[in-house]
1. Just to be sure I understand: if I project the alpha-carbon convex hull of region 1-100 onto a plane and average over all orientations, what area do I get in nm²?
2. Using 7 Å Cα-to-Cβ label points, what is the LEU205/ARG157 separation (nm, one decimal)?
3. Around ALA220, with a cut-off of 13 angstrom between Cβ atoms, what is the net charge of the other residues, counting Lys and Arg +1 and Asp and Glu -1?
4. Treating the beta-carbon of each Lys and Arg as +1 and of each Asp and Glu as -1, no other charges, what is the dipole magnitude of region 126-177 about its Cα centre, to the nearest 20 debye?
5. Leaving ligands, DNA and RNA out of it, report the carbon-plus-sulfur percent of the accessible area of the chain at a 1.4 Å probe.
6. When DSSP assigns beta bridges and you keep just the ones with both residues in the chain, what percent turn out antiparallel, to the nearest 5?
7. What accessible area per residue comes out for the chain, rounded to a whole number of Å², with a 1.4 Å probe?
8. Just add up the charged neighbours of ILE56: K/R +1, D/E -1, any other residue whose Cβ is under 10 Å from the Cβ of ILE56.
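The values are calculated or read from the model by the stated rules, or taken from the named source; none is laboratory data. What you see is a predicted model; the values in this text were computed from it and never measured. Note that we place each Cβ from the backbone using ideal geometry, even for glycine, and neighbour counts take in every protein chain shown. Note: areas computed on protein heavy atoms with side chains; ligands, DNA, RNA excluded. Shrake-Rupley method; radii C 1.70, N 1.55, O 1.52, S 1.80 Å.
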Amino acid sequence: MQPRAGHRAGSDAVFLAAAVPAGAGETVLEAGSGVGVAGLCLLSRVPELTVTAVEIDPALSALAQDNAAKNGLAGRFTAIEADVTAPAKALRAAGLVRESYDHVIANPPFYAQGAVRAAPEPSRAVAHVMAHGELAKWVRFLTTMAAPKGRLTLIHRADYLGELLGQLEGRFGDVAVFPLFPKADEPATRIIVQGRKGSRAGSRLLRGLVLHEPGGAYTAEAEAVLRSGAALPLAGPQKKKGRRFGG
């Protein structure tokens, strides 16, 4: 469920959830969760996972908790009304504990203030437009909340790649960039960026995903994510532990 007017959740949140390499028993924090689409998609794919959804709009936060209940996921989903750019004291008071989440994820507002005309409906404007300097505050919040070696996953416009990589530098390494192409012969309009906190590993540009066939229908790969809950392979191969011999 979501409001009839204003910002409407779309496929970006579903692809974001598909990219998170979470496992059973792990914890996830989503910043700017809206009505909970990404977190609930992730919970439906991964058993025994818990999600904390942070949203500034009280009405959307309440809808997110309702959506979790209606989908039988309330026991693993907690909606918290909070501003991710608030001071640390306010975040602690809201129940957010620093460095306590295995995964931090976000689908932040895509447009810089002044780049587009803000929507007249307040919730839509907040969801789409970010004030200058706010992206840095979001990344700082996600960094603070991620556990040591925790993973960050976020989706954004492709033309923000340079700024995102700059914000992650010194905070997250082993960064993977996964482009989403509208069609095979068109440039990517969205990117999913993922990194590991404190890692010194280099960056990887992945082959990405083509969303639509020439006629406009979703590709089979995109349909697998949108309809069947398939995951997207962003995380790098795990290092095998060395085998020990002898006593």
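1. 6.3
2. About 2.1 nm, to one decimal.
3. -2
4. Magnitude of the dipole: close to 220 debye.
5. Here carbon and sulfur together make up 53 percent of the probe-accessible area.
6. So the antiparallel bridges in the chain amount to around 35 percent.
7. Accessible area per residue, the chain: 52 Å².
8. -4
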